[in-house]
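Worksheet: one structure, shown below.
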Amino acid sequence: DERLVSTIVTSMGVALENARLFDQTSTLLAETKERAAELAIINSVQQGLAGRLDMQSMYDLVGDKIQEIFDAQVVDIGVLDRDARVFNFPYTIERGVRFPDQPMEIIGLRRVVFETRAPVLVNRDAMAAGIEKGQAGPIQGEPPKALLFVPLLNGGEVTGIISLQNLDREDAFTDGDVRLLTTLAGSLAVALENVRLFDETKRLLAETEQRSAELAVINEVGEALAKQLDFQAIVELIGERVAAMVKSTDIFIAILDAAANQITFPFELDHGRRVHADPIPFGKGLTSEVLRTGQTLRLGTFDEQMAHGGVIGTFVEGDVGTVGASWLGIPIMSGDEPIGVVAFSATPEHAFSESDERLVSTIVTSMGVALENARLFDETKRLLNETNERAAELAIINSVQQGLAGRLDMQSMYDLVGDKIQEIFDAQVVDIGVLDRDAHVFNFPYTIERGVRFPDEPMDIIGLRRMVFETKEPLLINREVTQAAIEAGQPGTIQGESAKAGLFVPLVSGGEVTGVISLQNLDHEDAFTDGDVRLLTTFAGSLSVALDNVRLFDETKRLLAETNERAAELAIINSVQQGLAAE
């Protein structure tokens, strides 16, 4: 019996070992097949992800694959928005129905995953587990009976969570499901990071290309500006360039005229057409605010414009170009002072970007330098012209004074000065009126009109000459001379044609007016300048001094003659007295 049973037991031991080995081999084979299936799924997902470079298509690919291979009626992929501290859901499906994105705070079991960075598996009492962790109930859809949450990790930080939910039964998910979903989450996280890096690389490349394009434009504008020293040419150049660069058909360049306290518009496009707006008072509107603050103003809505004092409408109540919802105004600076504004208007809201602002600001900075250079160039030219003008005036004055110094009779002096005035001034009439205080009239020792000498015709102290006589100041009237003369009490033209522009300068001696020099242009208005007033005043001064010298010379000769006459009389008297004394 012992032998028989021992033999059978020996066979039994071998059979049991064979059975154990067979079970182990079956288990390993099943695990190998499971790993192979998982690997095939992972490879399929990774191949699919490798062919996509936008995030939504990746979410759709992974979500659809998860729904296909796992026993889950709900699949969602939550992506963390760290700034808002919520999960957004680019992929949510329940029983084959896609749900819209409904952001969710970091609460419940997702908060556990977020804090631990580890998967969470709840196969029973799923609702109770969620409530215990602070989630009141389902955000949308049916309540789950089993849950699996796996984190998306990037650089050790949770960037999102993949969730599986079984709505029909408990104990739906296994450790293998956790392992496979974790691997899929890792692949998705890597792919998403690649897309982020790709997008970031594209963004940086686009920015680099944009900066290169901006730099090329800036260099081109800078080179063009460097060749310009004319104010309007600079304004035209900048206006045309920025109009081509910025997507706006409503553009203007405004310049502050501080002396007149107004804003002028040397360049303007209204819906792409050149227009010429009248100046507006400085003080109201968006343009005035930019000029006051010296700061760029970028506004994206009508409400924002109104809040900053803008006026909606073109050329209305102190503002220009505020016709669109979007407005961008950039100050033109000269040193620390704003001297103008380059502004854009567009119909869509938020039409202008930070890039537009940056590019135009750089160009406008160059414009400010160019305008300052043009101003300095104009100022230098003006000073040079003034210097040349003063030198020419001095030469003329010296010539007249030398001529006066060689004359000792008044009429020749009047002739010399009158002829010189006719030669150098744009005047068809020149007259020199000399005051006769006793008769209370002006006599005219020199009068010429269009080259013809007129005889002396005395004139009462009336009209424009009376004004000069009383004020002792020059009088310049470049328009409506006849009307001005009538208003001053002179009935009309005394002789010859009517003047269209007139200049009257007093001859002054000892603080008293002794006469008036008059220039009259018979052909056109605006004939005389401040330089003419200055030069003629100098002539009048020289003539007054020369006439005083002649008067003093004549007075000295008269006194000398009287003295000689008195001496002769005295000699006769002495001779008679001596003769009488001897008799």
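The values are calculated or read from the model by the stated rules, or taken from the named source; none is laboratory data. Note that this is a predicted model, so its numbers are computed, not measured. Ideal geometry is used to build each Cβ from the backbone, glycine not excepted, and the neighbour counts take in all protein chains shown. Ligands, DNA and RNA are excluded from the accessible area calculation, which covers all protein heavy atoms including side chains. Shrake-Rupley method; radii C 1.70, N 1.55, O 1.52, S 1.80 Å.
L148 falls short on exactly one of the conditions (1) touching a helix residue (DSSP H, G or I) at 6+ places or on another chain (Cβ under 7 Å); (2) open to solvent by 20 Å² or more (accessible area, probe 1.4 Å); (3) closer than 22 Å to D60 by Cα, and that condition is (2).
What do you reckon, is V513 modelled with pLDDT of 90 or more and of a type in the set (A, V, I, L, M, F, W, C)? For V513, the condition - modelled with pLDDT of 90 or more and of a type in the set (A, V, I, L, M, F, W, C) - is not met.
Among the residues of this structure, G78 does not count as one that is surrounded by 15 or more Cβ atoms within 10 Å (Cβ to Cβ) and on the phi > 0 side of the Ramachandran plot.
In region 96-115 there is no residue that is at positive phi and in contact (Cβ under 8 Å) with a residue 40 or more places away in the chain. Looking for something under 54 Å from the mean Cα position of the chain (by Cα), under 27 Å from P458 (Cα atoms) and surrounded by fewer than 14 Cβ atoms within 10 Å (Cβ to Cβ) - is there at least one such residue anywhere in region 493-502? There is at least one residue in region 493-502 that is under 54 Å from the mean Cα position of the chain (by Cα), under 27 Å from P458 (Cα atoms) and surrounded by fewer than 14 Cβ atoms within 10 Å (Cβ to Cβ).
Here is a check on your reading of the model: is S498 touching a residue at least 12 places away in the same chain (Cβ under 8 Å), polar (S, T, N, Q), under 16 Å from E449 (Cβ atoms) and in a strand (DSSP E or B)? Walk me through how you get there before you give the answer.
On the way: touching a residue at least 12 places away in the same chain (Cβ under 8 Å): yes; polar (S, T, N, Q): yes; under 16 Å from E449 (Cβ atoms): yes; in a strand (DSSP E or B): no.
Judged against the criteria, S498 is not a match.
Can you spot a residue in region 311-328 that is at pLDDT 85 or above, crowded, with 22+ Cβ neighbours inside 10 Å, under 23 Å from E236 (Cα atoms) and among the hydrophobic types (A, V, I, L, M, F, W, C)? Yes, region 311-328 contains a residue that is at pLDDT 85 or above, crowded, with 22+ Cβ neighbours inside 10 Å, under 23 Å from E236 (Cα atoms) and among the hydrophobic types (A, V, I, L, M, F, W, C). In region 290-310, which residue that is in contact with a Leu (Cβ under 9 Å, 6 or more places away or on another chain), assigned to a helix (DSSP H, G or I) and more than 15 Å from S345 (Cβ to Cβ) is most open to solvent (accessible area, probe 1.4 Å)? Filtering first and then ranking leaves A307.
Could you check, for region 514-527, whether at least one of its residues is open to solvent by 20 Å² or more (accessible area, probe 1.4 Å), small (G, A, S) and within 19 Å of N443 (Cα to Cα)? Can you show your working first?
Taking region 514-527 and keeping what is open to solvent by 20 Å² or more (accessible area, probe 1.4 Å), we get 514, 520, 523-526.
So of that shortlist, the ones also small (G, A, S) come out as none.
No, region 514-527 contains no residue that is open to solvent by 20 Å² or more (accessible area, probe 1.4 Å), small (G, A, S) and within 19 Å of N443 (Cα to Cα).
If the condition is being among the β-branched types (V, I, T) and closer than 18 Å to G141 by Cβ, then region 157-174 contributes I161, I162.
Rundown of residues vs (1) within 27 Å of P281 (Cβ to Cβ); (2) part of a helix (DSSP H, G or I); (3) hydrophobic (A, V, I, L, M, F, W, C); (4) open to solvent by less than 10 Å² (accessible area, probe 1.4 Å), yes/no style:
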position	(1), (2), (3), (4)
I332	yes, no, yes, yes
G340	yes, no, no, yes
S345	yes, no, no, yes
H350	no, no, no, no
D356	no, yes, no, no
V360	yes, yes, yes, yes
S366	no, yes, no, no
D378	yes, yes, no, no
K381	no, yes, no, no
